[in-house]
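The values are calculated or read from the model by the stated rules, or taken from the named source; none is laboratory data. Quick caveat, the model's predicted, so the values are computed rather than measured. Please note: Cβ atoms are built from the backbone with ideal geometry, for glycine as well, and neighbour counts cover all protein chains shown.
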Amino acid sequence: MRACKPIIALFLTVAFVTLMIPALLVLPFSKEDKDGKLSETVEEPIENVNTTEVPSVDVAVYRSVEQKIQTIPLESYVVGVVATEMYADFELEALKAQSLAARTYIVDLLLADNVVGVPKGADVTDTELHQVYLNDAELKKSWGSDYSWKIKKIKEAVNATKGQILTYGGKPITATFFSTSNGYTENSEDYWKSSYPYLKSVASPWDKSSPKFYNNEMISVADFQKKLGVKLPAGNEIATVKARTKGNRISKVVIAGKELTGKEVRESLGLKSSDFTLKRQGKNIIVTTKGSGHGVGMSQYGANGMAMEGKKYDEIVKYYYQGVQIQTSNTILNTITAKK
């Protein structure tokens, strides 16, 4: 009888395994939704870890102060741009949105045959004409004791978007950005000549909390007349606004009988925005502007406001750049490498 017990136990074990193996194999694939369709379980990526492999591309940056060209790896260039163009104490999701915009902007330029204002042999300048850039040594000098935490945060944002660019119709967009809106962004055609379907006016109420939302400055009547090529009549009346843009900035204004665009007045007088009011005060003109920057594309303070409300970087960029997609840059970067 003792010999039978091992045999019975063996039989039961084999039977159990025989029955359970098919069940175990089927179980992961047998979960159904309420509508009867099979559902898939997608493993969530580890936060702040990006193992994306992207083609190696360098950016030839014209350093305006030294008047020389510096060759910089693409991702290092993006770090230097984000660190210079946006405050490090902004929300991480806003910094990610800025990283995506900065990378897209330079990739678009690298594809272009001729870039305005760029010396021969360079791809881009380090000025506001394109994107402001500082290298690591310059950032250390600028940030001082805050360098460690600031560069860590910037690199985290850039790394989180590594290999990603914004596209429209499969091509990189012109990802323009600026500091602060007047409550709305601007249609590209209302400030520049070109019309882009993704650069359309949207409301940006978050900008009202920006310290750059309002600005007052004083210009002498003499300088005002010289810079605009006008002769002001006697009295306090200076200008008559004839039309406004979709973004509520001045489109056309008549000053001393001369019709000008809001952009012409802004650039001639060096104003923060083309949404302005003019008031004569003795021998001076008091100029009050609303917003800071050209107003086309992504508002940086608006992006930060959205991030503070819990919006992710993909939601932010798709709000300010209408109808765009986020896609890998690999194919385009390979094209750029072949081109060079």
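Some points to look at:
- As a summary of the residue check, residue 96 satisfies the conditions (1) farther than 24 Å from residue 310 by Cβ; (2) among the basic types (Lys, Arg); (3) under 13 Å from the mean Cα position of the chain (by Cα) except for the one numbered (1).
- Search result, residues across segment 75-94 that are surrounded by fewer than 24 Cβ atoms within 10 Å (Cβ to Cβ) and touching a strand residue (DSSP E or B) at 6+ places or on another chain (Cβ under 6 Å): none
- Flag for residue 230 being in contact with a Phe, Trp or Tyr (Cβ under 9 Å, 6 or more places away or on another chain) and farther than 24 Å from residue 300 by Cβ: yes
- The residues listed here are 272, 283, 318; of these, the one that is basic (Lys, Arg), under 22 Å from residue 229 (Cβ atoms) and surrounded by 14 or more Cβ atoms within 10 Å (Cβ to Cβ) is 272.
- Residues located in segment 215-249, provided they are out of contact with any strand residue (DSSP E or B) (no Cβ under 6 Å at 6 or more places or on another chain), more than 30 Å from residue 205 (Cβ to Cβ) and part of a loop (DSSP other than H, G, I, E, B): 229, 231, 232, 233, 234, 235, 237
- Matching residues, segment 132-168, being of a type outside the set (A, V, I, L, M, F, W, C), at pLDDT 95 or above and within 25 Å of residue 109 (Cα to Cα): 133, 135, 136, 138, 155, 156, 159, 161, 162, 164, 167, 168
- Restricting 146, 108 to residues that are in contact with a strand residue (DSSP E or B) (Cβ under 6 Å, 6 or more places away or on another chain) and among the charged types (D, E, K, R) narrows the list to 108.
- Taking residues in segment 296-316 that are on the phi < 0 side of the Ramachandran plot, and partners anywhere that are small (Gly, Ala, Ser) and not in a helix (DSSP H, G or I), the pairs with Cβ atoms closer than 7 Å and at least 6 places apart or on different chains are 299/181; 299/204; 300/179; 301/179; 301/210; 302/181; 302/204.
Here's the yes/no breakdown for (1) surrounded by fewer than 20 Cβ atoms within 10 Å (Cβ to Cβ); (2) assigned by TED's automatic domain parsing to the domain that holds residue 73; (3) assigned to a loop (DSSP other than H, G, I, E, B):
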| position | (1), (2), (3) |
| --- | --- |
| 96 | no, yes, no |
| 100 | no, yes, no |
| 120 | yes, yes, yes |
| 129 | yes, yes, yes |
| 133 | no, yes, yes |
| 155 | yes, yes, no |
| 158 | no, yes, no |
| 162 | yes, yes, yes |
| 166 | no, yes, no |
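- Residues that are more than 19 Å from the chain's Cα centre (by Cα), surrounded by 15 or more Cβ atoms within 10 Å (Cβ to Cβ) and among the hydroxyl-bearing types (Ser, Thr, Tyr) within segment 175-234 comprise just one, 214.
- Residue 314 modelled with pLDDT of 95 or more, within 30 Å of residue 106 (Cβ to Cβ) and in the same structural domain as residue 90 (by TED's automatic domain parsing): yes
- Output for segment 168-199, where each listed residue is assigned to a strand (DSSP E or B) and aliphatic (A, V, I, L, M): none
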